Amino acid sequence: KDALGAQQRFRETVRHTAAGPIRDRLAEIGQRLDHGVNQVWATARQGQSLRKARRNIDTRVIDDRLVEARAALAATPVLSSDDTAARTVASLESQLASAARLDEVTAQAEAKLRLLQAQLDEAVARSAELSAQVSDPSALTTLGDDVDQLVDSMEALRLALEETSANGAGLG
């Protein structure tokens, strides 16, 4: 939603810029920014998929089962050949570790997305400033480079989340 708002503000800046080379350059930058907004949307969908996967891991139930499994393990004779209790504890601990990894991946992605959104808003604000102050399109080079870098970062985040999901968030 925030990215769409930034995109709209950028488009307004372009619309209110006098026809000419500055407006043309801003429109080019806007096309790249549009790609970035699409990356944000794809990233948000991927993040939602990770959140949904995490919701399927009920750590309270697992914690309760782990207490029981550890008690059963403690009651197992030391020389017993039955390793069922130990394997149960290991499986439950693995499930908790999966939940923790999903929590970490989601938190990192959300933090990165907040940073990228702030940088997107900054680029939009700079575009408004520059559109009103410059007469040479080359003055927009830095803005264009910043938007390119921002879009690349957005795409990298999306790809990282896709890879995380494809690998089961490194779970298992």
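The values are calculated or read from the model by the stated rules, or taken from the named source; none is laboratory data. Small disclaimer: the values here were computed from a predicted structure and weren't measured. Note that we place each Cβ from the backbone using ideal geometry, even for glycine, and neighbour counts take in every protein chain shown.
Odds and ends about this structure:
- Complete set of residues in the stretch 1-47 that are of a type in the set (Gly, Ala, Ser), free of Cβ contacts under 8 Å to residues at least 12 places away in the same chain and on the phi < 0 side of the Ramachandran plot: 5, 18, 19
- Test: residue in the stretch 119-140 that is under 16 Å from the mean Cα position of the chain (by Cα) and in a helix (DSSP H, G or I): yes
- Residue match in the stretch 81-96 (condition: under 25 Å from the mean Cα position of the chain (by Cα), over 30 Å from residue 2 (Cβ atoms), assigned to a helix (DSSP H, G or I) and of a type in the set (A, V, I, L, M)): yes
- Residue check, residue 159 without any contact (Cβ under 8 Å) to a residue 24 or more places away in the chain, among the hydrophobic types (A, V, I, L, M, F, W, C) and part of a helix (DSSP H, G or I): yes
- Evaluation of residue 17 against (1) outside any helix (DSSP H, G or I); (2) at pLDDT 90 or above; (3) surrounded by 19 or more Cβ atoms within 10 Å (Cβ to Cβ) (one fails), failing number: (2)
- Per-region count, the stretch 49-66, residues assigned to a helix (DSSP H, G or I) and surrounded by 11 or more Cβ atoms within 10 Å (Cβ to Cβ): 12
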